[in-house]
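Enquirer: This is the structure I have questions about; it appears just below.
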Amino acid sequence: MAPGSDLSRLKERVASAKDIVVLTGAGISADSGVPTFRGKDGLWRTYRAEDLATPEAFERDPRLVWEWYNWRREVLSTKKPNDAHYAIAQLESRTDRFQLITQNVDGLHRVAGSKNIYELHGDIWKTRCTSCLSVIDNHEVPLSLLPHCQTCAGLLRPHIVWFGEALDQDTLSKSFQAVESCELLLIIGTSGLVYPAAMLMPSAKAHGAFVAEINLDPTPYSSGVDLSIQARAKEIVPLLL
Ligand code: OAD
């Protein structure tokens, strides 16, 4: 649990800031039972990212990649937002200007009621046609193992940014604009190891934002932020309101 003084300092910042950005990672959904990527039971400890989350893997064996994403969709379909997701949605409704940047693809922020969201790494509940590039919502669980586009019959892929791929330019530039102009950046549950998302924190600091981190463990950010609280997101975030 955080020392009381850190928590009250952060509460004051949250209460007074008129422009807040929240950046989240897998740790915020860990309390909903969603596996993280690099933790003790993280996905990348059991699965090889290069076999499942790269364009080359999809080209080699789209069935295997869809099998994995189908399994993840099945797991996620049983999960619900936790108190931290709900608190962030409430914060949005109470703040003059509020932007949420997430690396998560699980959609739980939207289910909790967040609206102004930049999904840096895509959305597991969307498919993209490899041929006509159209992106559509798809909540079927499971999907057929080689799903095809209803418009052009091209092969569909998960609408996820894989290793080696570029992030959506518009989403990325809006995210950088957000952190460069905000008063307070709250970073919750990310290891800070994946680029370019990892650059958002130094960019916020360089532009004068107060930066606070909430994470179960220390991260590469911890020594550079203004305030770092080591605790579970679902225990701390609701206390900030
Ligand atoms: P990681 O798995 O790398 O890190 C999860 C972070 O959450 C760690 O720093 C944990 O200490 C912290 N954590 C775990 N449980 C927590 C809890 N209950 N409360 C607070 N913090 C907790 O996940 P990300 O940083 O999100 O990319 O990973 C970034 C990207 O790497 C992901 O978006 C994914 C992955 O490859 C794509 O899928 C494209």
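Enquirer: Whole percent per 10 Å bin, from 0 to the bin with the longest distance: what is P(r) over all C-alpha pairs of the chain?
Expert: It works out to 7, 32, 35, 18, 6, 1, in whole percents.
Enquirer: Give, in whole angstrom and from largest to smallest, the semi-axes √(5λ) of the equivalent ellipsoid of the stretch 7-79, with λ running over the eigenvalues of the Cα gyration tensor.
Expert: Working: eigenvalues 241, 39, 29 Å².
The three semi-axes for the stretch 7-79 are 35, 14, 12 Å.
Enquirer: If you don't mind, there's one more thing I want to ask. Working from Cα positions, state the angle (0 to 90°, nearest 10) between the long axis of helix 62-76 and the longest principal axis of the chain.
Expert: In the chain, helix 62-76 runs at an angle near 40 degrees to the longest axis.
Enquirer: Related question: How much length would be gained if the chain were fully extended between SER8 and THR78, taking 0.36 nm per residue of separation minus their Cα-Cα distance, in nm to one decimal? All intermediate terms of the calculation are to be shown ahead of the outcome.
Expert: Values: separation 70, 0.36 × 70 = 25.20 nm, distance 3.49 nm.
Between SER8 and THR78, full extension yields an extra 21.7 nm.
Enquirer: In µm²/s, what is D for the stretch 1-42 at 4 °C and 1.567 mPa s, where D = kT/(6 pi eta Rh) by Stokes-Einstein and Rh is the Kirkwood radius from Cα pairs?
Expert: Numbers: Rh = 12.7 Å.
Estimated diffusion coefficient is 102 µm²/s.
Enquirer: Straight-line reach from LYS234: which aspartates and glutamates have Cα under 20 Å away, leaving out those fewer than 8 places along the same chain?
Expert: Reachable aspartates and glutamates: ASP6, GLU12, ASP31, ASP41, ASP83, GLU92, ASP106, GLU213, ASP217.
Enquirer: For the stretch 73-206, state the average projected area of the convex hull of the C-alpha atoms over all orientations, rounded to one decimal in nm².
Expert: On the way: hull surface 36.5 nm².
With the hull built on Cα positions only, its mean projection is 9.1 nm².
Enquirer: Compute, for the stretch 177-241, the length of the dipole vector about the Cα centre, with Cβ point charges of +1 (Lys, Arg) and -1 (Asp, Glu) only. Units Debye, rounded to 20.
Expert: With only Lys, Arg, Asp and Glu charged at Cβ, the dipole is about 100 debye.
Enquirer: Right, here's the next one. In the stretch 111-199, what trypsin sites (Lys or Arg not before Pro) fall in a loop by DSSP, with at most 14 other Cβ atoms inside 10 Å?
Expert: Values: sites: LYS115, LYS126, ARG128, LYS174; in loops: LYS115.
Passing both the DSSP loop test and the Cβ count: LYS115.
Enquirer: Ranked from highest to lowest mean number of other Cβ atoms within 10 Å per residue, what is the order of the peptides 199-206, 159-166?
Expert: Numbers: 199-206: 18.1, 159-166: 15.4.
The most tightly packed comes first, giving 199-206, 159-166.
Enquirer: Can I ask one more? If you count the DSSP beta bridges with both ends in the chain, what percent of them are antiparallel, to the nearest 5? Before the final figure, lay out each step's value.
Expert: On the way: 9 of 32 bridges.
Around 30 percent of the beta bridges assigned by DSSP in the chain are antiparallel ones.
Enquirer: A further question follows. Probe radius 1.4 Å, ligands and nucleic acids left out: which of TYR69, TYR86, TYR195, TYR47 has the largest accessible area, and how do the rest follow? Display every interim value, and only then the final one.
Expert: Numbers: TYR69 5, TYR86 100, TYR195 145, TYR47 75 Å².
My answer, sorted largest first, is TYR195, TYR86, TYR47, TYR69.
Enquirer: Continuing with this model, one more query. Give the accessible area for GLU67 in Å² (nearest 10); use a 1.4 Å probe, count only protein heavy atoms, and leave out ligands, DNA and RNA.
Expert: Its heavy atoms expose roughly 100 Å² to the probe.
Enquirer: Quick one: helix 169-181 against the long Cα principal axis of the chain, what's the angle to the nearest 10°, folded into 0 to 90?
Expert: So the inclination is approximately 0 degrees.
Enquirer: Shifting gears a bit: Could you put LYS18, LYS79 in order of accessible surface area, largest first, with the 1.4 Å probe and the full protein assembly present? Could you put the intermediate results ahead of the total?
Expert: On the way: LYS18 120, LYS79 60 Å².
Sorted descending by solvent-accessible area, the residues read LYS18, LYS79.
Enquirer: Shifting gears a bit: Name the cysteines of the chain that stand alone by the Cβ rule: no other cysteine Cβ under 4.7 angstrom.
Expert: For the chain, the answer is CYS182, because their Cβ atoms have no other cysteine Cβ under 4.7 Å.
Enquirer: Show me the three semi-axes of the equivalent ellipsoid for the stretch 152-241, from the C-alpha gyration tensor (sqrt of 5 times each eigenvalue), largest first, rounded to whole Å.
Expert: 28, 17, 13
Enquirer: If you don't mind, there's one more thing I want to ask. Distance check, please: which entries in LYS11/LYS115; LYS40/LYS205; LYS18/LYS115 exceed 19 angstrom between their Cα atoms?
Expert: Those over the limit are LYS11/LYS115; LYS40/LYS205.
Enquirer: Please compute P(r) over all alpha-carbon pairs of the stretch 59-143, binned at 10 Å starting from zero, and give each bin as a whole-number percent.
Expert: Spelled out bin by bin, the stretch 59-143 gives 16, 42, 29, 12, 2 percent.
The values are calculated or read from the model by the stated rules, or taken from the named source; none is laboratory data. As the structure is a prediction and not an experimental result, all values here were calculated from the model. Counting neighbours? That spans all protein chains shown, and the Cβs are built from the backbone with ideal geometry, glycine included. Accessible surface is based on the protein model in full, side chains and every heavy atom, while ligands, DNA and RNA are left aside. Shrake-Rupley method; radii C 1.70, N 1.55, O 1.52, S 1.80 Å.
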